[in-house]
């Protein structure tokens, strides 16, 4: 079942949010700490004050509702929130692509890039490169249903996306994503290679290798070492999500200031912003992402997905993607794999290093990201018609 969907936050919800923001009990902050110890409390005071008394959620919500949004109920009764934006006046069958988001975001990650992909002719591109764009919220994220039982992992979500594309009428399609969404795209290609014509990823996630290190090229070993070092320095959030997500969920679900700290710190650390968060995002954009989490109450289920993914057997990580694969490695992303690693894990046919952008490149640099997808998927357009 497919139904149009335009959510509206109630006045009571927004009044409660503002009251909580105004009543925030702030911690102390060592002099000169800035962002070195985590979230910069001085910046958060400014952000929270704007959230309480300047941020216009109804206006942001209305803008989001101008997207073609739907609720799609799959065969097992799970309801998904999906943006399904069709190509503008395609010359022939449009190329369908399903885009996968990660944490800490939702369909928000792709809101800027959707019009560039559906109507390239209106944005300086070739109209022949138009896409039908499908952006689902993962279960437990955004406006999709939460899993009734244990949290789902990326393998299960890939299966749901395959079913979703059936429901929407796409027997063959492309897949793309970053962060957890990149993993979902990977499993779509692994488990449904007869349907996925090509897969594009922004990253490979934190690498898992269970083979003999002697078989790795020097640059691959260096990559694994750098990823381990990143995890030791920056991965405390993931360890919490994977091991004790409910402990963090109690505070983050109850305190909007705490939620803002948890998310805004990652937006700053993982974006290509040179340490200046608002050089890439406006306050309205930051708070739109965070407010989606607050109003839907999804910070807990979103974090629990890390626990599910942490239990994926090592053998699954060792599988090689044979579907043609492309990688756009943005300079501000978390870790950047060498070509030898990309060839090890996938049938890699395309690798680029765009000039700007980080972990949230579709939102940070939508024009660059749109061009990456146009360039990568262009040779595969005819294959969706077979």
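Roughly what % of DSSP beta bridges within the chain run antiparallel, to the nearest 5?
35
Between residue 26 and residue 8, what is 0.36 nm times their sequence separation minus the Cα-Cα distance? Round to one decimal in nm.
3.5 nm
Evaluate the relative contact order of the chain (contact order divided by residue number), counting alpha-carbon pairs under 8 angstrom at least 6 apart; express in whole percent.
With pairs under 8 Å counted, the relative contact order is 19 percent.
Quick check on the chain: helices-only [θ] at 222 nm, where DSSP H runs of length 4 and up contribute -39,500 (n - 2.57) each and the sum goes over total residues. Nearest 500, please. Mind showing how you got there, number by number?
On the way: 16 runs with 167 residues, N = 386.
Helices in the chain give a 222 nm mean residue ellipticity of -13000 deg cm²/dmol.
Just need the Rg to Rh number for the chain, please, alpha carbons only, Kirkwood Rh.
Radius of gyration over Kirkwood radius for the chain works out to 0.95.
Residue separation times 0.36 nm, minus the C-alpha to C-alpha distance between residue 340 and residue 219: what's the value?
Details: separation 121, 0.36 × 121 = 43.56 nm, distance 0.76 nm.
Between residue 340 and residue 219, full extension yields an extra 42.8 nm.
Using every Cα-Cα pair within segment 301-386, state what percent have a distance larger than 17 Å.
Percent of Cα pairs beyond 17 Å in segment 301-386: 63.
Take 190, 117 and order them by how many other Cβ atoms sit within 10 Å, fewest up front.
The fewest-first ordering by Cβ neighbours comes to 190, 117.
For a test of the definition: using alpha carbon positions, the gyration tensor, and the 1.5 limit on a/c, classify segment 144-268 as rounded, prolate or oblate.
Oblate.
Report P(r) for segment 1-118: all Cα-Cα distances, bin width 5 Å, range 0 to the bin holding the largest distance, values in whole percent.
2, 8, 13, 14, 16, 14, 11, 9, 7, 4, 2, 0, 0
Which value, to two decimals, describes the C-alpha radius of gyration of segment 85-230 once divided by 2.2 N^0.38 Å?
So segment 85-230 has a normalised radius of gyration of 1.18.
Using only the Cα atoms of segment 215-341, construct the convex hull and provide its projected area averaged over every direction, in square nanometres to one decimal.
9.8
Which semi-axes, in whole Å and largest first, does the equivalent ellipsoid of segment 178-248 have when worked out from the alpha carbon gyration tensor as the square roots of 5 times its eigenvalues?
Here the semi-axes work out to 24, 21, 11 Å.
For segment 90-160, list log₁₀ I(q)/I(0) at each q in 0.19, 0.25, 0.27, 0.29 Å⁻¹, using the Debye formula over Cα point scatterers of equal strength and ignoring solvent, two decimals each.
Log-scaled intensity ratios, in q order: -0.80, -1.08, -1.18, -1.28.
In percent, what relative contact order does segment 210-327 have, based on Cα pairs under 8 Å that are 6 or more apart in sequence?
34
Find how much the distance from residue 167 to residue 378 grows on full extension, using 0.36 nm per residue of separation minus their present alpha carbon separation; answer in nm with one decimal.
Net length gain for the segment: 73.5 nm.
Restricting to Cα atoms and excluding each atom paired with itself, what does the Kirkwood estimate give for segment 136-200 in Å? Can you show the working numbers first?
Numbers: mean 1/r = 0.0834 Å⁻¹.
Across segment 136-200, the inverse of the average 1/r is 12.0 Å.
The numbers here are math on the coordinates, done by the rules we state, and not lab data. Note that the coordinates shown come from a computational prediction; the quantities given were computed from them, not determined experimentally. As a convention, Cβ positions derive from the backbone with ideal geometry for all residues, glycine included, and neighbour counts pool all protein chains shown.
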